[in-house]
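Visitor: One structure coming up, written as structure tokens, with questions to follow.
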Amino acid sequence: METALPFLMFVALIFVLLSGFPVAFGLGGVAILFGYVGHSLDLFYLSDFEFVPSKIFGIMSNVTLLAVPLFIFMGIMLERSGIAEELLTTMELVCRKIRGGLTISIVLVGALLAASTGIVGATVVTMGVLSLPTLLKRGYSKEFSCGTIATAGTLGQIIPPSIVLVLLGDMMNVDVGDLFIGAIIPGLFLVALYLLYIFIRTTLQPELAPLLAEEDQRTLSQREYAVLLLTSLVPPTLLMVVVLGSILGGVASPTEAAACGAIGALVLTWAKKKLSLQTLSSVLHSTTQITAMVFLLLIGAQFFSVVFRGLAGDEIIMEFVSSLQVSKHLVLLAIMVLMFVLGFFLDFIEICFIVVPIVTPLLYALGFDPLWLAILIAINLQTSFLTPPFGFSLFYLKGVAPAEVTTLHIYRGVVPFVLLQIFALVVLWLFPSMVTWLPKHVF
């Protein structure tokens, strides 16, 4: 009976989550129930469980996790500053003579916003509101347009600074600075894949992205071009240099860099005359809400993982896998497929907090590189934003899309990009140096 408890515990958690019960309370409630079933009233006195309170308070005092609210604040403040609108306008002008130029500009802006804010919802909504009506007006395919916008917004999950990398670093005991550096090449590789796909697709099917007529193209003098580029590109670039440059140069830790980024976002918003007490109050309110949600989930996940291990769940999994006599890569493949399938139904944070603490000891015991493993998981989790029926980017985009854009248009549009992300996972699997090379040569 005792050996079946960890399995029943995981099944009960999935049932609770699918029932719509709040995830954080579901994690804690299932942990308390099975901890009681397994050890009666001695739950908090057994050596396996007595450090539960210290683990929970350890989360609150973790300096690394302090980067989470700081990056959230930075992202929301930048979203209110109007930088995204200026970037889209500028990139549209730069790419206006290229077939598919609008979708190319959306991917480039998504990458720049990812390196500046990292807030997926704000990026998708902003680009959906500003770009989708224009794309449809100019004859772009609905599916192609929606897929590009929804996908470009998710780049904030892998391009640093990324909140998911901070959380994975803490849970997997990997240095967050190394994660940020290791994610740069995979992030740029994804951007390159998207751009290459858009170029090839629009070349083979030009009807997807008609060229803009010469008379409709906005013309600017060289001076106007220079001013526009400076005013729109320099602010986010400076912020990227402050945040990522300080980490890459070894000047600041990720938490210190996040604090500098938060101050930088305040300064940029003030410089664009968008900063007011009302704006600051709204940003602080949103930051508090999101941070409370993340940390409540983290506390519930810690409680769940401690009880799961207290019931010898990790030992049972290792013994089961060892008895199968299969390759360690086959084990990793099975876990990656599980995470991908869960992404159809659960949010990336839920998958991160539920699955990662359970499988990490097993994967480490099999000898996988922690840094490479964390980046693979991060890209896998990124697909959860795009996989129907519960991909959050799909919901964000549908909420701001014109009436003629249906949910089916959005679903069909993201399929090629999900396949591209899977292809990127395969490439990173085959060439681990794409993740590990840069961290080894920076410091």
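Visitor: By how many nm would the segment from residue 263 to residue 403 lengthen if fully extended, with 0.36 nm per residue of separation less the alpha-carbon distance?
Guide: Values: separation 140, 0.36 × 140 = 50.40 nm, distance 3.91 nm.
So the chain would gain 46.5 nm between residue 263 and residue 403.
Visitor: Loop sites only, by DSSP: take the trypsin sites (Lys or Arg not before Pro) in the chain that have at most 13 other C-beta atoms within 10 Å and name the longest stretch containing none of them. Don't jump to the answer; show the numbers that get you there.
Guide: Details: sites that count: 97, 218, 273.
Within the chain, the longest run free of exposed trypsin sites (Lys or Arg not before Pro) spans 274-443.
Visitor: Would you please give the FRET efficiency between residue 129 and residue 423, computed as 1/(1 + (r/R0)^6) with r the Cβ-Cβ distance and R0 = 22 Å, to the nearest 0.05? Let's see the in-between values first.
Guide: Values: r = 30 Å, r/R0 = 1.37.
Between residue 129 and residue 423 the formula returns 0.15.
Visitor: Starting from 0.36 nm per residue, how many nanometres of slack lie between residue 441 and residue 229 once their C-alpha separation is accounted for? List each step's numbers first, then the result.
Guide: Details: separation 212, 0.36 × 212 = 76.32 nm, distance 3.20 nm.
Gain on stretching residue 441 to residue 229: 73.1 nm.
Visitor: Something else about it: What dipole magnitude, in Debye to the nearest 20, does the chain give about its Cα centre under +1 on Lys/Arg Cβ and -1 on Asp/Glu Cβ? Display every interim value, and only then the final one.
Guide: Details: 19 positive and 25 negative charges, 261 e Å.
Charge dipole of the chain: 1260 debye, to the nearest 20.
Visitor: Running a GNM on the chain with Cα contacts under 10 Å, which residue among 408, 342, 113 ends up with the highest mean-square fluctuation?
Guide: Taking springs between Cα atoms under 10 Å, the residue moving most is 408.
Visitor: When the helices in the chain are scored as -39500 (n - 2.57) per DSSP H run of 4 or longer and the sum is shared across all residues, what 222 nm value do you end up with, to the nearest 500 deg cm²/dmol? Don't jump to the answer; show the numbers that get you there.
Guide: On the way: 21 runs with 323 residues, N = 443.
Calculated from helices alone, the mean residue ellipticity at 222 nm is -24000 deg cm²/dmol.
Visitor: By counting other Cβ atoms within 10 Å of each Cβ, how are 307, 427, 68, 267 ranked from fewest to most?
Guide: Lowest count first: 427, 267, 68, 307.
Visitor: With axes computed from alpha carbons, what is the tilt in degrees of helix 313-324 against the longest principal axis of the chain, rounded to the nearest 10 within 0 to 90?
Guide: Taking Cα atoms only, the helix is inclined about 90 degrees.
Visitor: Quick check: residue separation of residue 315 and residue 37 times 0.36 nm, minus the Cα distance between them. What number comes out in nm? Walk me through the numbers on the way to the answer.
Guide: Values: separation 278, 0.36 × 278 = 100.08 nm, distance 1.88 nm.
The span from residue 315 to residue 37 would gain 98.2 nm if fully extended.
Visitor: Hey, quick one: spin label on residue 395, modelled 7 Å out along Cα-Cβ, who in the range 287-307 has an amide N within reach, i.e. under 19 Å?
Guide: The answer is 287-298, whose backbone nitrogens lie closer than 19 Å to the label point.
Visitor: Within the chain, what is the longest stretch that has no GluC sites (Glu not before Pro) placed in a DSSP loop and near at most 16 other beta-carbon atoms within 10 Å? Please report the intermediate quantities before stating the final value.
Guide: On the way: sites that count: 50, 404.
That would be 51-403.
Visitor: Which angle from 0 to 90°, rounded to the nearest 10, does the C-alpha axis of helix 184-204 make with the longest principal axis of the chain?
Guide: Around 50 degrees separate the two axes.
Read-outs throughout are calculated quantities, based only on the coordinates presented, and are distinct from any laboratory measurement. No experiment lies behind these values; they were computed from the predicted model shown. Cβ coordinates were reconstructed from backbone atoms using ideal geometry, including for glycine residues, and neighbour counts include every protein chain displayed.
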